[in-house]
Each structure stands twice: as C-alpha cells, then as structure tokens.
Amino acid sequence: MPKQIHLAAHFPGVNNTTVWSDPRSGSHIEFSSFAHLAQTAERAKFDFLFLAEGLRLREQGGKIYDLDVVGRPDTFTVLAALAAVTDRLGLAGTINSTFNEPYEVARQFASLDHLSDGRAAWNVVTSWDAFTGENFRRGGFLPQEDRYERAKTFMRTTWELFDSWRGDEIVADQESGVFLADPDAGRFAHHDRHFDISGQFNVPRSPQGRPVIFQAGDSEEGREFAAASADAIFSRHGTLEDGQKFYADVKGRLARYGRIPDQLKILPAATFVLGDTDEDAAAIAREVRFQQVSGQTAIMFAEQLWNRDLSGYDPDGPLPEADPLPGENTISRGRASVRMYRDPLAVAAQWRALAAERNLSLREVVIEVTGRQTFIGSPATVAADINRLVQADASDGFILVPHITPGGLDEFADTVVPLLQERGVFRTEYEGTTLRSHLGLDPLPTPAANEKAVAS
Amino acid sequence: MSVALEGAGWHPAAWREPRARPAELLTGRYWTDLAAEAERGLLDFVTIEDGLSLQSSRYQAPDGRTDQVRGRLDSVLIAARVAPRTRHLGLVPTVIVTHTEPFHASKAIATLDYVSTGRAGVRVRVSAAPHEAAHFGRRSFPQLSLADRDNPAVRELIGALFAEAADYVEVMRRLWDSWEDDAEIRDVSTGRFIDIEKVHYIDFVGEQFSVKGPSITPRPPQGQPVVSALGHATGPYQLIGRSADVGYVTPPDPAGAAAIVAEIRAAQAAAGRAEEPLPVLADLVVFLGPDAAAAQARRDRLDERSGREYTSDARIFAGTASQLADLLLEWRAAGLSGFRLRPAVIPDDLEAITRDLVPELQRRGVFRTAYDDATLRERLGLVRRPANRYAPAGRN
C-alpha cells in the first residue's frame with residue numbers, strides 16, 4: 001500500500017493570507033462559519049480541523065493593525081461546540097503555555113477529549129513578550145533562554161496530570177456503592193522552579209489519555225522538543241527540497257528518544273488555488289496574491305522589515321532608499337513573523353536586487369517575497385503535487401489553509417480529495433474514532449496497563 | 001425558572017438510583033440529554049456546577065471518599081458542547097475567579113454567546129480552599145472551618161476574595177464592550193477590516209490584576225452575557241448587588257427571602273443600579289413524587305444509602321409538584337423573581353420538574369407555554385442589549 005496522506009483544515013487566520021474583501025468571504029466569528037469548515041473537512045475525511053490563537057490584537061506603529069481580519073473566538077469553546085456538529089473530525093487548537101496554568105489547561109483538554117470522544121489535539125506554543133502579557137494577571141515576559149524550558153515543563157506537568165488517573169478508577173457500581181476504586185485517584189505533585197503544585201486532578205482519564213500534541217516552532221529547540229514529545233509538527237517547509245531536508249532532520253532525531261519515524265507526523269501548512277485548467281488556476285492565483293497584498297499591506301510588510309514608518313511611500317513606487325533600522329523590531333507587535341528577519345540589512349539587499357533585476361515596485365516585491373500559494377493548478381495537478389511531495393518524504397501530509405472563510409475548502413473537498421482516494425493514498429472512510437487513530441498513532445497505554453506490564 | 005445541573009443529582013447517593021447514568025457523567029451525550037430535557041420543560045436556563053478540585057463532602061477540604069461521584073468536566077466546555085444541540089435554553093457555566101484569568105473567561109463566555117446565539121451566562125465563584133490553591137501554586141489560604149466565619153482575619157480574606165470577584169466581573173464586562181457593535185467595517189476602498197476608533201483598550205488596574213485589552217473577540221450577541229452569583233452572606237450579596245445580573249440565594253423561608261432581597265436591593269442602590277432589573281432567584285433542593293409520602297420515602301431511602309441525612313445550604317423540599325408550586329408562589333410573594341431548583345436525583349427529579357411541575361405552573365397561568373425567540377437577557381427581563389460603555393452617546 002502506498003504511503004497514506006494526512007490532511008487537515010486550518011480555519012483562515014488573522015493574517016493577509018485570508019482574503020476578506022472577496023464577496024464570498026463570511027464571518028470569522030459566527031459559529032456557522034466554523035461549523036461549515038468543520039463539516040466540509042469531515043465530509044472529505046480529513047484528519048482534523050485546526051484553530052490558531054493570538055491573545056492580543058496586533059499593533060503596528062502603535063495602532064491596532066486593521067488591514068487583515070481582526071478578532072477571533074475562544075479556541076476551547078469553539079472546539080467543544082464543534083464536537084457537537086461533527087463525529088470523527090479531530091479538533092486541534094493552539095493554546096499558549098505562558099498565560100495559563102497546567103491544572104486549568106489539563107482539565108480543559110481532558111474535558112474536550114471526553115466531550116469529543118477522543119478527538120482533541122493541542123498545539124503547544126509559548127509567547128515571547130510582555131506586550132501580550134498586559135492582558136493577563138501572570139504578566140508575560142520571560143527571558144529568551146527560559147521560554148522553551150518553561151513550555152516544556154508546562155507540557156510535562158500537564159502530562160503528569162493526565163496520567164494521574166490510571167484509567168480504571170471509575171467503577172460506578174450501583175449495587176455495592178463503590179464509585180471510585182481508589183481514593184487517591186488523580187494524586188499528583190510537581191515541584192520545580194516553574195511550577196510548585198500538588199493535590200488531586202479532577203478530570204478522570206480521557207479517551208485518548210491526553211490530547212494529541214502538536215509543535216510549531218522551527219528553531220533548534222523547537223525541533224528537539226518535537227522529537228522528544230510531539231505527535232505532529234506543524235511546519236513551514238512545504239516545498240520538495242526544503243521539506244525533505246526538514247523531514248529527514250526531525251525524523252532523524254526521534255531514535256534518540258526511543259521513538260520510530262511513524263510516531264511523529266510532519267504536516268506543513270499549505271495554501272492552494274484551484275482552476276479548471278492549470279492556466280486558469282495560475283491566473284486566479286495571481287489575482288489572489290494581489291488581493292492578499294494590497295498597497296497598504298505591502299507598506300506594512302516593508303515596515304516590518306525596515307522597522308520604520310514608511311507610510312509616506314508609494315507602494316507602486318520603488319523600495320525605500322534608507323536601510324532598515326537595526327536592533328529589536330519595535331514597529332510591529334504581537335506578530336511572530338517579524339522574528340524571521342534576523343538580518344534585516346541582508347534581506348533588504350535581496351529585495352533591492354530582485355526589484356532591480358525584474359523592475360518591480362515595492363508592492364510587487366512584497367508579492368514575490370511573501371510567497372506564492374503552495375499548490376496551484378487543476379484538481380488533477382494539485383492531487384499529483386500533494387501525492388508527489390508525500391511519497392518523496394517531504395511531508396506526511398498538509399494542513400490546508402483556505403483563503404476564503406468559510407467555503408474555501410469546498411472545491412478542494414469535492415474535486416481533489418476524490419482523486420487522492422482513487423490513487424489509494426487517502427482514506428475513503430474513517431477507520432477509528434479517535435484523532436490518534438486517524439494519524440496512525442497507536443493508542444497510549446494507560447498507566448494501569450503499564451503497571452500490569454511491569455508486574456508480569 | 002432554572003435548574004442547577006450537578007453530576008447525577010445533588011443527593012450524594014443519586015448515582016445509585018436505577019435510572020441514573022453514573023458511567024456516562026463524562027460524556028457529551030449525557031449533558032446533551034439533560035439540556036434537552038430542560039428545554040422540553042421550557043426552562044429559562046440551566047447552570048452547570050464546577051470546581052477546581054474533586055467533589056468533597058467536607059468544607060474546603062478533600063474527603064477521600066469513594067462512595068460518591070468524583071471527577072467532573074469543565075463546565076464552560078460542557079455548555080459549549082450542548083449549545084449547538086439546543087435552541088432556546090440559557091446556558092450558565094461556572095467560572096472560579098480566584099485562580100483563572102478574566103481575559104480567558106471573558107472571551108470564553110463571549111464565544112459561548114456566539115455559539116448559542118445569545119443564550120450565554122456565567123456564574124462566578126470564589127475559592128478560599130487551600131487544596132484548590134495548591135493546584136495552582138500561586139497563592140495559599142489558611143484551612144478554614146465553618147466556625148471561623150466570624151473571625152475578623154477570615155472575614156477580611158473572604159472580603160478580599162469577593163472584591164477580587166467584583167474586579168473580575170468588571171474586567172469581563174469591559175472586555176465584552178471593548179468592541180463596539182459595528183467595529184467590523186470591511187471597507188474595501190481603504191483596505192481596513194475594522195474601524196480602530198471603535199475598538200477600545202480597557203486599561204483596568206486592580207489589586208490582583210491589570211488588564212489592557214481590547215478583547216480578541218468582538219462584542220457578543222447579547223452585548224453583555226448574563227453574570228450571576230450565589231450568595232449566603234453579606235459579602236456575596238454586595239457582589240450580586242454591585243456586579244451581577246442575576247443572584248441566587250438560599251433563604252430558609254419567605255421571611256428570610258424578603259430580608260435577603262432587601263439587602264441585595266440596598267447593595268444595588270448603593271452601587272447606583274437601583275433602576276436596573278436584577279432578578280433574585282431562590283435555590284431549593286427538590287425531591288418530587290406522586291404523593292408527599294412517596295417523595296419523603298425516596299428521600300429517606302437515599303439518606304439511608306449514603307449513611308446520613310442530606311443537608312444543604314438551600315432549603316430542601318420533598319413533596320408533590322403541586323405542593324412545590326404552592327411553595328414557589330408563596331415564596332415569590334416575598335419578593336423573589338424565580339427559582340433555581342437543584343434536582344436531588346437526575347433524571348428523576350429533573351423530569352419531575354419539566355413534566356409535572358411545569359405543567360402545574362402552566363395550569364396556574366404563571367409559566368410560559370412556549371418559547372419565543374428571546375435571548376437569555378430578554379427572557380430574564382434584562383435590557384436586551386445594554387448600551388456599550390465605550391460608545392459615545394448617539395453611536396450606540
């Protein structure tokens with residue numbers, strides 16, 4: 001049997017990939033939009049739906065950034081509601097470890113896993129600044145070197161809480177009157193410099209034991225964290241060569257942790273544009289790129305690199321002559337992507353070279369450098385491209401990011417998925433009920449079963 | 001009329017009754033069924049109990065018991081799970097304000113309001129229990145007993161926790177208003193998705209926390225989802241009078257009810273809210289039966305099974321639906337706006353409420369015979385969509 005593809009749907013986010021100006025664009029807040037995308041994904045037998053999170057509205061130049069979609073609902077609440085309108089689809093969400101406590105997050109994920117009969121997944125992220133911390137009693141700032149350490153400890157602590165119930169405590173024998181087999185069910189104690197907690201966890205073991213764990217960071221620490229602890233990686237490496245390099249690197253790290261390659265799925269985010277023919281799709285893709293990068297958006301992107309106010313520049317004119325301001329990026333806040341510009345002078349030089357070589361305006365340069373869609377073509381072309389990348393070990397599948405809410409996945413579900421199914425590389429029915437099952441991950445052994453295994 | 005949902009029912013032996021479903025308490029199916037039953041009875045709303053520790057029969061401490069229901073799910077998630085499967089029923093989960101983030105709670109309840117299209121509320125609770133604090137490791141409280149309640153240091157601690165609860169509610173409310181209703185403009189000509197003049201920092205600064213805002217979630221359908229609290233003493237009555245939309249109280253009799261209502265109204269007036277509707281509902285634990293003797297016998301049998309007489313902060317009623325209807329009308333005359341019934345056994349007493357009590361009240365012409373399309377606020381007689389505190393006059 002050929003390698004099977006994993007597919008997921010990303011609810012369109014609060015960035016310029018999402019085209020809100022399109023007449024087909026619906027609400028980003030109303031539940032009906034979430035239900036539509038989830039039900040489309042489930043109809044197409046996708047592995048899961050994914051919701052991102054951001055805990056402070058982004059700002060640029062001291063003002064709330066207003067050119068992209070702004071605002072979103074609470075992740076847990078939407079996922080729990082989606083559990084009522086879907087049966088099999090995995091329900092994944094980003095939850096920040098910086099502005100929460102392990103006991104609360106563990107009970108929320110354990111509850112979601114119960115209420116969805118084993119479909120919960122957690123993308124563990126850590127935050128980086130006091131800017132977001134201003135919304136929380138915990139504040140937020142952590143020195144760079146402490147961030148992964150705390151995030152790792154946070155997640156490990158939630159695992160201790162998930163495992164504090166062995167899975168066989170609830171007897172609920174009406175006749176004898178024994179509800180709980182063990183008065184110490186849920187007992188835990190964790191003491192280190194980040195968390196000093198003890199007591200009893202109050203959510204009994206959930207169907208998956210714990211949520212499926214996602215990791216999204218790309219740094220050395222992030223890759224190591226994923227190799228040690230994650231079930232899936234939400235990566236940025238969606239092209240053949242880049243994807244293969246990343247795939248080999250991360251899967252190569254697993255053995256050190258006693259894990260096999262199948263235990264960690266690599267799922268890059270991917271955008272797509274479909275057309276009746278490849279030429280149609282290419283034309284639509286170009287149009288979408290111009291919608292995604294308006295003149296104003298192009299200026300904002302340039303400001304993020306230049307770290308200066310460029311509001312006086314014409315997006316249809318040349319790039320700024322002055323160099324980017326060195327030092328910490330202060331113009332844009334609440335946005336992870338600015339950290340990508342580790343050497344702004346060098347990036348600006350690349351942009352200038354590109355502009356000179358192809359005679360491009362500022363806006364056209366931004367359109368070029370901020371990336372075309374991952375898959376462009378007729379359904380047959382897109383199905384073939386996806387399959388080629390997966391079979392070549394550039395990924396185990398993709399998290400698809402539609403650019404229209406909520407109908408942006410409909411055409412893909414109707415046209416591309418059947419072609420993948422015909423090739424025998426994508427499921428035609430769900431085999432199991434849990435997200436772990438969809439991802440081809442074995443069920444976690446319960447602590448009760450582990451003890452038995454040790455004893456025998 | 002509302003019902004307080006708790007596990008298999010409020011009596012500790014409820015889970016052993018023949019129709020109880022003790023092995024299903026952690027499933028979406030169970031809670032969906034309970035909500036459907038409440039909706040069948042045309043109830044205003046259900047509350048869902050919650051706590052940050054295992055249930056316990058001891059005051060502010062774990063009890064190590066294994067003969068009662070232990071373990072529960074997060075009530076906000078339960079409410080969200082049942083919202084798409086109900087159409088009219090108000091959904092009021094519990095949030096423990098002492099250990100959680102007002103920013104998270106505000107957007108969660110706002111989202112519940114979106115998911116339920118205008119049926120969300122929240123009950124705020126404080127926690128002074130030392131073992132719950134140890135689950136978070138950020139603060140510690142002394143072990144209290146019921147006898148300590150008049151000790152000045154204890155009163156100060158409890159007072160501070162309720163003051164923090166008031167701040168918490170204030171932050172939730174400001175965050176709900178931090179987006180004006182028409183902040184999302186989608187103006188293609190200027191490329192702007194929102195009008196940033198209509199999205200506001202809340203700049204709350206308090207003793208325990210400061211919150212900048214704005215919320216990440218736009219203003220919910222009701223504008224202000226319904227905030228409620230349970231009170232047994234002056235501290236919580238102050239919180240209800242100052243901050244809540246609905247209060248739950250536990251008077252022993254009509255005279256007690258009148259006194260409590262007067263205290264809440266005074267607190268309300270002191271907070272400058274005298275003109276606002278603020279329904280006060282009395283909590284009652286109910287054992288219902290086809291005749292009074294049968295109801296009492298069931299209560300006795302349950303007590304025998306649990307090994308001791310069931311006691312409660314709320315008045316316990318055992319009798320017929322008709323007798324309960326008499327009692328409710330008598331209590332209502334003391335100034336109460338309605339009731340939050342705690343079914344001793346689920347589903348038995350829940351079904352007795354929806355299938356016997358409700359028809360009895362309908363016959364007497366004091367309860368609705370069908371739902372209309374009201375939001376939870378409207379159903380409770382509150383202003384449909386309160387003015388937004390951040391919108392300049394005339395822009396709301």
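The values are calculated or read from the model by the stated rules, or taken from the named source; none is laboratory data. Since the structure is predicted, the reported quantities are computational estimates derived from the model, not experimental observations. Heads up, the Cβs are rebuilt from the backbone with ideal geometry, glycines too, and the neighbour counts pull from every protein chain shown.
Just one of the numbered conditions (1) under 19 Å from the mean Cα position of the chain (by Cα); (2) without any contact (Cβ under 8 Å) to a residue 60 or more places away in the chain is not true of residue A:54: (2).
Which members of region A:355-376 meet the condition of being outside any helix (DSSP H, G or I) and aliphatic (A, V, I, L, M)? Working first, answer last.
Residues of region A:355-376 that are outside any helix (DSSP H, G or I), as a first pass: A:359-361, A:370-376.
Selection gives A:360, A:376.
All of (1) over 25 Å from residue B:380 (Cα atoms); (2) in contact with a helix residue (DSSP H, G or I) (Cβ under 8 Å, 6 or more places away or on another chain); (3) surrounded by 21 or more Cβ atoms within 10 Å (Cβ to Cβ) hold for residue B:223 with one exception: (1). The set of residues in region A:194-217 being at pLDDT 95 or above, surrounded by 19 or more Cβ atoms within 10 Å (Cβ to Cβ) and in a strand (DSSP E or B) consists of A:197, A:199, A:200, A:212, A:213, A:214. In this entry, residue A:66 is excluded by the filter for residues that are more than 26 Å from residue A:304 (Cα to Cα), facing chain B (nearest Cβ under 10 Å) and of a type in the set (D, E, K, R). If the condition is being assigned to a helix (DSSP H, G or I) and more than 27 Å from residue A:400 (Cα to Cα), then region A:340-354 contributes A:344, A:345, A:346, A:347, A:348, A:349, A:350, A:351, A:352, A:353, A:354.
Checking the conditions here, which among B:44, B:50, B:33, B:74 is at the interface with chain A (Cβ under 9 Å from one of its Cβ atoms), within 27 Å of residue A:73 (Cβ to Cβ) and under 21 Å from the mean Cα position of the chain (by Cα)? If you could, list the steps in order and put the result at the bottom.
Working: B:44 fails: at the interface with chain A (Cβ under 9 Å from one of its Cβ atoms); B:50 fails: at the interface with chain A (Cβ under 9 Å from one of its Cβ atoms); B:33 fails: at the interface with chain A (Cβ under 9 Å from one of its Cβ atoms).
The unique qualifying residue is B:74.
Residue by residue through region A:142-162, note down the ones that are in a loop (DSSP other than H, G, I, E, B) and more than 23 Å from the chain's Cα centre (by Cα). If the condition is that a residue be in a loop (DSSP other than H, G, I, E, B) and more than 23 Å from the chain's Cα centre (by Cα), then A:143 is the only one that fits.
From the list B:84, B:102, pick out the single residue that is facing chain A (nearest Cβ under 7 Å) and in contact with a helix residue (DSSP H, G or I) (Cβ under 6 Å, 6 or more places away or on another chain). I'd like the intermediate steps shown before the answer.
Values: B:102 fails: facing chain A (nearest Cβ under 7 Å).
Just a single option satisfies the conditions, and that option is B:84.
The sole residue among A:357, A:328 that is exposed (fewer than 15 other Cβ atoms within 10 Å of the Cβ), modelled with pLDDT under 90 and more than 25 Å from the chain's Cα centre (by Cα) is A:328. Picking from residues in region A:92-115 that are of a type in the set (A, V, I, L, M, F, W, C) and not in a helix (DSSP H, G or I), the one that is nearest to residue A:34 (Cα to Cα) is A:92. Here residue A:64 fulfils each of the conditions (1) surrounded by 22 or more Cβ atoms within 10 Å (Cβ to Cβ); (2) hydrophobic (A, V, I, L, M, F, W, C); (3) free of Cβ contacts under 8 Å to residues at least 40 places away in the same chain apart from (1).
Evaluation of residue B:321 against the conditions (1) under 23 Å from the mean Cα position of the chain (by Cα); (2) over 26 Å from residue B:94 (Cα atoms); (3) crowded, with 20+ Cβ neighbours inside 10 Å shows that the sole unmet condition is (1).
Restricting attention to region B:242-268, which residues are in a helix (DSSP H, G or I) and over 22 Å from residue B:172 (Cα atoms)? Outline the logic, then answer.
Residues of region B:242-268 that are in a helix (DSSP H, G or I), as a first pass: B:242-243, B:254-268.
Within region B:242-268, B:254, B:255, B:256, B:257, B:258, B:259, B:260, B:261, B:262, B:263, B:265, B:266 qualify.
For region B:168-183, the condition holds for at least one residue, the condition being that it is within 12 Å of chain A (Cβ to nearest Cβ), under 18 Å from residue B:125 (Cα atoms), surrounded by 17 or more Cβ atoms within 10 Å (Cβ to Cβ) and not basic (Lys, Arg). Within region B:132-150, residues that are at positive phi and facing another protein chain (nearest Cβ under 10 Å) sit with their Cβ atoms under 8 Å from residues that are in a loop (DSSP other than H, G, I, E, B) and among the aromatic types (Phe, Trp, Tyr), at 6+ positions apart or across chains, in these pairs: B:137/A:195. Among the residues of region B:122-162, those identified as under 25 Å from the mean Cα position of the chain (by Cα), among the small types (Gly, Ala, Ser) and part of a loop (DSSP other than H, G, I, E, B) are B:127, B:128, B:129, B:145.
Here is a check on your reading of the model: is residue B:297 out of contact with any His (no Cβ under 6 Å at 6 or more places or on another chain) and in contact (Cβ under 8 Å) with a residue 12 or more places away in the chain?
Details: out of contact with any His (no Cβ under 6 Å at 6 or more places or on another chain): yes; in contact (Cβ under 8 Å) with a residue 12 or more places away in the chain: no.
No, not satisfied.
Taking the criterion of being farther than 23 Å from residue A:284 by Cβ, more than 17 Å from the chain's Cα centre (by Cα) and not aliphatic (A, V, I, L, M), the only residue of region A:4-21 that qualifies is A:4.
In the list A:400, A:441, which residue meets the criterion of being surrounded by fewer than 23 Cβ atoms within 10 Å (Cβ to Cβ), in the same structural domain as residue A:29 (by TED's automatic domain parsing) and within 28 Å of residue A:206 (Cβ to Cβ)? Spell out how you get there, then give the answer.
Numbers: A:400 fails: surrounded by fewer than 23 Cβ atoms within 10 Å (Cβ to Cβ).
Result: A:441 is the single residue among A:400, A:441 that is surrounded by fewer than 23 Cβ atoms within 10 Å (Cβ to Cβ), in the same structural domain as residue A:29 (by TED's automatic domain parsing) and within 28 Å of residue A:206 (Cβ to Cβ).
A single entry from A:434, A:446, A:415 fulfils the requirement of being polar (S, T, N, Q) and over 29 Å from residue A:170 (Cα atoms): A:415. Summed over region A:168-190, residues that are outside any strand (DSSP E or B), over 20 Å from residue A:102 (Cα atoms) and within 12 Å of chain B (Cβ to nearest Cβ) total 8. For region B:59-71, the set of residues classified as within 22 Å of the chain's Cα centre (by Cα) and farther than 16 Å from residue A:204 by Cα consists of B:59, B:60, listed by residue number.
Just to verify a result, which residue in region A:81-109, among those that are of a type in the set (A, V, I, L, M, F, W, C) and out of contact with any strand residue (DSSP E or B) (no Cβ under 8 Å at 6 or more places or on another chain), is farthest from the other protein chains (Cβ to nearest Cβ)? Walk me through how you get there before you give the answer.
First, pick out the residues of region A:81-109 that are of a type in the set (A, V, I, L, M, F, W, C): A:81-85, A:89, A:91-92, A:95, A:99, A:105-106, A:109.
If we keep only those that are out of contact with any strand residue (DSSP E or B) (no Cβ under 8 Å at 6 or more places or on another chain) as well, we get A:81, A:84-85, A:99, A:106.
On the way: A:81: 4, A:84: 4, A:85: 5, A:99: 7, A:106: 10 Å.
Applying the filter and picking the extreme gives A:106.
Number of residues in region A:41-59 that are more than 8 Å from every other protein chain (Cβ to nearest Cβ), surrounded by 22 or more Cβ atoms within 10 Å (Cβ to Cβ) and of a type outside the set (A, V, I, L, M, F, W, C): the value is 1. Residue count for region A:96-143 satisfying the condition of being touching a helix residue (DSSP H, G or I) at 6+ places or on another chain (Cβ under 6 Å) and surrounded by fewer than 20 Cβ atoms within 10 Å (Cβ to Cβ): 3. Note on region B:12-26: residues that are facing another protein chain (nearest Cβ under 7 Å) and more than 15 Å from residue A:173 (Cβ to Cβ) amount to 1.
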